[in-house]
Amino acid sequence: MITVGVDPGYSGAIVAARDGKVFEIHDMPLMQGKAGKNLLNLSAISDIFVKLIRNADDQPLRVHIERVSAMPGQGVSSMFRFGEGYGAVQGIVAAHGLPIVFIGPQEWKKPLGLIGADKDFARTLAIQTFPELSSQLARKKDIGRADAIWICLHTGAK
């Protein structure tokens, strides 16, 4: 079984694991939009899933997407962009005919002891748990990668 974890935010990531071993990590693909604002590169996101499907060797793929919602204090336009990206990722995955499991932040964070922890602790824990991935989690901005790893490997998914 190949499991794909998606942290759908603009600073998120897409991670793939086969039988619990991470083998691909992608930052959420972005492109430059009007007035210098980043946009999700939907074509590049689709290409990641095409490559995963092609290389699956007839193993089933299942996609875990973090179930997100607006957060207090977020601006209206940033909430709209966040929701737009979340929906776009769902649409791409569905268009490829892949099953989706939605996992709330509390669901994957609680078993790891991340509720109420510093946001960067998920990255620290991922480095400690998977030292072979430490070079891909070395930067502070790799928090999205770490989150996607934990979403991908969440075992409570149905």
Rounded to whole angstrom, the alpha-carbon centroid of segment 1-28 lies from that of segment 84-158 at a distance of 7 Å
Could you size up the charge dipole of the chain around its Cα centre, putting +1 on the beta carbon of Lys and Arg and -1 on that of Asp and Glu, and report it in debye to the nearest 20? 300 debye
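Can you run the Rg to Rh ratio on segment 2-152? Use alpha carbon positions and the Kirkwood inverse-distance Rh. Working shown, then result.
Values: Rg = 15.0 Å, Rh = 15.8 Å.
Ratio value, two decimals: 0.95.
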Among I53, P8, S135, whose Cα projects farthest towards the positive end of the dipole of the chain, with charges put on the beta-carbon of Lys, Arg (+1) and Asp, Glu (-1)? P8
Residues H96 and N55, FRET efficiency given R0 of 22 Å [Cβ-Cβ distance, rounded to 0.05]: 0.95
Normalised by the residues of the chain, what does the relative contact order come to in percent, with Cα pairs under 8 Å and at least six apart? 32 percent
Given a Förster distance of 41 angstrom, what is the FRET efficiency for Q32 paired with K110, based on the Cβ-Cβ distance and rounded to 0.05? 0.65
Potential lengthening between R139 and E24 on full extension [0.36 nm per residue; Cα-Cα distance subtracted]: 39.7 nm
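Where a number appears in this text, it was derived from the coordinates with a stated rule and is not lab data. Model, not experiment: these values are computed from the prediction. Don't worry about glycine lacking a Cβ; one is built from the backbone with ideal geometry, like all the others, and counts go over all protein chains shown.
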